[in-house]
Amino acid sequence: VLLIAASGLLLNNTDTFGLSARSAASPLFQKLYGMDPPSIQATYSANGLLFSAIDNTVYLEEQALLTETSDLRGAVATSDEIVIATRSEFAVLAPNGALVERIRSNPNTEVGRLGAAGNEVVADMGGELFVFDTVAMNLKKSDVREAQAVRWSTPIVPDADRQEAIQAAAMGRLLSWERILTDLHSGRLLPVAGRYIADITALCLIYLCITGLFLWFRRR
Amino acid sequence: MAANVNITRRGAVSALFALPLIAIAVVAFAGTATVPADYQSRQDFLRETLGNEEPQSDVIWMQAGLQEKAAEILGHPFGRLRVRYWYEGDRTAWVIDEIGKEKPITLGVVIEAGEIQSLRVLQFRESRGWEIRYPFFTRQFSGLRLNDTGSLNQRIDGITGATLSVRAATRSANLALVLDEHVRRRNHALSAAP
């Protein structure tokens with residue numbers, strides 16, 4: 001009962017305690033939830049920085065950089081910025097990885113590949129090449145031809161330690177303290193019995209309230 | 001009198017059995033709705049509000065003072081170095097992503113002469129609070145301006161069950177007005193320069 005009351009109190013104040021942003025990833029909870037480390041869909045490197053896609057988030061090293069996005073298509077560095085592209089958007093970054101601006105591309109077009117021709121950022125969209133203007137944040141039909149050797153951004157495989165660190169960061173985003181407390185409060189933290197224990201506890205509380213009132217009423 | 005007591009007792013005993021059953025029914029039938037949705041693309045929003053799918057755009061570089069002001073309004077760092085806006089005459093349009101509870105809500109805000117013309121929800125990704133997309137809520141923003149303290153000059157009425165989404169929309173509207181004011185000051189300074 002105490003556990004349910006305390007978790008309820010904390011859940012009612014998630015914003016105050018920032019519980020939804022606090023990572024609860026630990027081997028114990030990982031095991032309890034039967035969570036495998038999320039797989040890295042693709043990793044690209046630009047300017048010595050690693051950009052990895054896990055689920056719908058792009059990570060810069062171990063930090064979430066772009067959330068609610070789609071498949072990562074590449075990362076290229078020009079002389080004074082980095083550009084990364086997902087299937088549906090472009091993001092311009094400072095050389096140190098600080099996010100300058102992100103913009104969604106036209107909903108009818110998809111980025112296939114991202115590359116660089118000299119200092120120009122080139123996107124292959126459905127077989128047609130476009131130059132991405134990092135100031136206007138728009139695409140213009142390119143005269144660059146494949147023969148002119150666009151250096152297409154290609155995925156790399158980070159070493160095992162880096163992979164593990166990126167996956168741990170992603171796991172932290174998936175498993176917050178709010179999630180743990182919600183499941184503790186509802187009893188779902190324990191696979192089968194938990195929910196029944198929580199339900200029985202709640203019913204007992206209702207029963208105590210009613211019988212308490214009944215006894216009080218009868219004594220009067 | 002005795003009959004009355006009996007009836008009351010019988011009622012109380014019935015309640016002892018009925019309430020747990022009601023509780024079980026509530027638990028069994030409880031569910032949550034998830035409605036993540038794309039309501040309008042940026043292009044459609046710009047076409048409808050500025051009359052052009054790709055109107056002229058410009059950017060504001062978020063210098064330290066402006067970053068601080070944005071962080072103060074949002075309650076968290078703005079997270080970008082540059083913010084884009086689109087314009088047609090004195091009318092500016094802003095597309096702002098702001099977190100409701102866990103996921104960003106994309107809002108479009110149109111401002112003219114320091115006054116919000118309209119606010120729209122373009123994309124909603126949270127599982128709750130999508131009611132903020134309806135005109136009964138969004139029309140509250142029309143005509144709002146900044147007051148002397150840099151906040152909205154009128155209170156926005158909330159929606160039960162959508163508190164965090166309402167707050168996100170309110171913060172976004174406030175931020176858009178502050179950014180628009182920055183643009184107007186900058187343009188005024190540029191036009192006044194010899």
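The values are calculated or read from the model by the stated rules, or taken from the named source; none is laboratory data. Treat the numbers as computed from the prediction; the structure is a model and nothing was measured. Quick reminder, even Gly has a Cβ in these numbers, built from the backbone with ideal geometry, and neighbours come from all protein chains shown.
If only residues of the range A:168-220 that are in a helix (DSSP H, G or I) and among the hydroxyl-bearing types (Ser, Thr, Tyr) are counted, the one that is farthest from residue A:1 (Cα to Cα) is A:211. Quick check: anything in the range A:154-173 surrounded by 15 or more Cβ atoms within 10 Å (Cβ to Cβ) and acidic (Asp, Glu)? The answer is no, given that none of the residues of the range A:154-173 is surrounded by 15 or more Cβ atoms within 10 Å (Cβ to Cβ) and acidic (Asp, Glu). Can you confirm whether the range A:147-160 contains a residue that is charged (D, E, K, R), closer than 30 Å to residue A:72 by Cβ, outside any helix (DSSP H, G or I) and within 34 Å of the chain's Cα centre (by Cα)? Yes; the residues of the range A:147-160 include at least one that is charged (D, E, K, R), closer than 30 Å to residue A:72 by Cβ, outside any helix (DSSP H, G or I) and within 34 Å of the chain's Cα centre (by Cα). Residues of the range A:76-115 that are part of a loop (DSSP other than H, G, I, E, B), β-branched (Val, Ile, Thr) and facing chain B (nearest Cβ under 9 Å): none at all. Of the residues examined, residue B:194 is not one that is within 20 Å of residue A:101 (Cα to Cα) and modelled with pLDDT under 95. Just to be sure before I move on: is residue A:25 under 30 Å from residue A:159 (Cβ atoms), in contact (Cβ under 8 Å) with a residue 60 or more places away in the chain and either of a type in the set (Phe, Trp, Tyr) or touching a helix residue (DSSP H, G or I) at 6+ places or on another chain (Cβ under 7 Å) (or both) in the structure I sent? Yes; evaluated as a whole, the condition is true for this residue. Within the range B:152-185, the set of residues being surrounded by fewer than 14 Cβ atoms within 10 Å (Cβ to Cβ) and among the hydroxyl-bearing types (Ser, Thr, Tyr) comprises B:160 only. Tell me whether the range B:113-134 contains one or more residues that are in a loop (DSSP other than H, G, I, E, B), closer than 24 Å to residue B:67 by Cα and of a type in the set (D, E, K, R). Checking the range B:113-134: not a single residue is in a loop (DSSP other than H, G, I, E, B), closer than 24 Å to residue B:67 by Cα and of a type in the set (D, E, K, R). Any residue in the range B:104-111 that is out of contact with any helix residue (DSSP H, G or I) (no Cβ under 9 Å at 6 or more places or on another chain) and either modelled with pLDDT of 90 or more or surrounded by fewer than 17 Cβ atoms within 10 Å (Cβ to Cβ) (or both)? No, the range B:104-111 has no match at all.
Per-residue answers, yes or no, for (1) touching a Ser or Thr at 6+ places or on another chain (Cβ under 8 Å); (2) within 14 Å of another protein chain (Cβ to nearest Cβ):
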{"residue": "A:120", "(1), (2)": "yes, no"}
{"residue": "A:125", "(1), (2)": "yes, no"}
{"residue": "A:131", "(1), (2)": "yes, no"}
{"residue": "A:136", "(1), (2)": "yes, yes"}
{"residue": "A:141", "(1), (2)": "no, no"}
{"residue": "A:153", "(1), (2)": "no, no"}
{"residue": "A:161", "(1), (2)": "no, no"}
{"residue": "A:165", "(1), (2)": "no, no"}
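Here residue B:38 meets the list (1) modelled with pLDDT of 90 or more; (2) within 18 Å of residue A:89 (Cβ to Cβ); (3) surrounded by fewer than 14 Cβ atoms within 10 Å (Cβ to Cβ) almost entirely, failing just condition (1). Considering only residues in the range A:2-17 that are polar (S, T, N, Q) and assigned to a helix (DSSP H, G or I), the one that is nearest to residue A:199 (Cα to Cα) turns out to be A:7. Applying the criterion of being at the interface with chain B (Cβ under 10 Å from one of its Cβ atoms) and of a type in the set (Asp, Glu) to the residues of the range A:176-220, the residue that is surrounded by the most Cβ atoms within 10 Å (Cβ to Cβ) is A:178. Give the residues of the range A:22-59 that are under 11 Å from residue A:174 (Cα atoms), in a loop (DSSP other than H, G, I, E, B) and in contact with a Ser or Thr (Cβ under 7 Å, 6 or more places away or on another chain), sorted by residue number. The answer is A:22, A:24. Scanning the range B:60-95 for residues that are over 18 Å from residue B:172 (Cβ atoms) and within 11 Å of chain A (Cβ to nearest Cβ) returns B:61, B:81. The residue that is farthest from residue B:122 (Cα to Cα), among those in the range B:44-56 that are over 20 Å from the mean Cα position of the chain (by Cα) and outside any loop (DSSP other than H, G, I, E, B), is B:56.
Considered as a group, the residues in the range A:64-75 that are touching a residue at least 12 places away in the same chain (Cβ under 8 Å) and in a loop (DSSP other than H, G, I, E, B) include one that is nearest to the chain's Cα centre (by Cα), and that residue is A:68.
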